[in-house]
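The values are calculated or read from the model by the stated rules, or taken from the named source; none is laboratory data. Keep in mind the model is a prediction, meaning the values are calculated, not measured. Please note: Cβ atoms are built from the backbone with ideal geometry, for glycine as well, and neighbour counts cover all protein chains shown. Each accessible area value is taken on the protein alone, full model and side chains, heavy atoms only, with ligands, DNA and RNA left out. Shrake-Rupley method; radii C 1.70, N 1.55, O 1.52, S 1.80 Å.
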Amino acid sequence: MAMGRLLTGVYQACKWISHFAILHLLWVGCTLLGGIVFGIGPSTVAMYAVARKTIYEDVEISMVQTFWKSYRQEFLKANGLFFLVAAIGIIWYFDLQFFRQFEGIFYSIMNYLMIMVGLVYFILLLFLLPVYVHYDLKSFAYIKQALTIAFLNHKALLLLVVGGLSSYYFFITFPGFIPIFGITLFCHFNMWVAFHCFQSIEEFQT
């Protein structure tokens, strides 16, 4: 009995390791296929689509088929959202650097204000992709929905921040795991936390 449970545990561990590794290879491959700039958006969306389907359906799925289907279908829309969010981030960064060049109370206030905007931007990134693969909305509506869900679920937000920081420190401490797991480990954790937020909202609305 004990040996059976051990073998089952080893099998499940190996299955998840291979799942994360294959998904990471798909993400890297399709990012390169799109010339990196045009590939990273739809590849990341496809990765989250696989994570959502794995969590939502709780059954064996065709990972390659699900990934490729999402990559092709969402290529243009995902790139549009990616460039929109990237543009917001670039504008924020240059504004922050601009206000840091000067002295005075006005520039100090603006500097702190831009730091707060940066925190909101970071929170947006934590919820945007799970919202994107779960809902069918317009570009700006995704941003609004992601921020609304984030600020209404403080525990989930805190859990994602802790999970994100833990993943970061894990990979800089053990960089050898990056080629195996990459960002797929955090992607599934991110989707799992966000999905439970979505369920809570849907149950409250019914």
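When the residues of region 151-176 are filtered to those that are open to solvent by 80 Å² or more (accessible area, probe 1.4 Å) and closer than 20 Å to Trp27 by Cβ, which remaining residue is modelled with the highest pLDDT?
The extreme case among them is Ile172.
Examine region 68-76 for a residue that is in a helix (DSSP H, G or I), touching a Gly at 6+ places or on another chain (Cβ under 8 Å) and under 19 Å from Asn190 (Cα atoms), and state whether such a residue exists.
no
Go over the candidates Leu113, Leu126, Leu84 one by one and state the one that is open to solvent by 70 Å² or more (accessible area, probe 1.4 Å) and assigned to a helix (DSSP H, G or I).
Working: Leu126 fails: open to solvent by 70 Å² or more (accessible area, probe 1.4 Å); Leu84 fails: open to solvent by 70 Å² or more (accessible area, probe 1.4 Å).
Only one candidate passes the filter, namely Leu113.
For Glu202, only one of the following conditions fails: (1) at pLDDT below 85; (2) more than 26 Å from Ala78 (Cβ to Cβ). What is its number?
(2)
Taking the condition of a type in the set (A, V, I, L, M, F, W, C) and without any contact (Cβ under 8 Å) to a residue 40 or more places away in the chain, does Leu185 pass? Before the answer, list the steps.
Working: of a type in the set (A, V, I, L, M, F, W, C): yes; without any contact (Cβ under 8 Å) to a residue 40 or more places away in the chain: no.
No: the conditions fail for Leu185.
Out of all the residues in region 23-65, which are part of a loop (DSSP other than H, G, I, E, B) and open to solvent by 70 Å² or more (accessible area, probe 1.4 Å)?
Residues of region 23-65 that are part of a loop (DSSP other than H, G, I, E, B), as a first pass: 34-39, 58-62.
Across region 23-65, the qualifying residues are Ile36, Val37, Phe38, Asp58, Val59, Glu60.
Output the residue which, of all residues in region 137-150 that are more than 15 Å from the chain's Cα centre (by Cα) and among the hydrophobic types (A, V, I, L, M, F, W, C), is surrounded by the fewest Cβ atoms within 10 Å (Cβ to Cβ).
Phe140
Starting from region 150-167, keep only residues that are assigned to a helix (DSSP H, G or I), then list their pairs with residues that are polar (S, T, N, Q) whose Cβ atoms are within a distance under 7 Å, requiring at least 6 positions of separation or different chains.
Short answer, once both residue conditions are applied: Leu160/Asn190.
Please verify whether region 116-127 includes one or more residues that are of a type outside the set (A, V, I, L, M) and within 15 Å of Val45 (Cβ to Cβ). Write out each step before concluding.
Taking region 116-127 first, the residues of a type outside the set (A, V, I, L, M) are 118, 121-122, 127.
The next check asks that each one be within 15 Å of Val45 (Cβ to Cβ); those that pass are 127.
Scanning region 116-127 turns up at least one residue that is of a type outside the set (A, V, I, L, M) and within 15 Å of Val45 (Cβ to Cβ).
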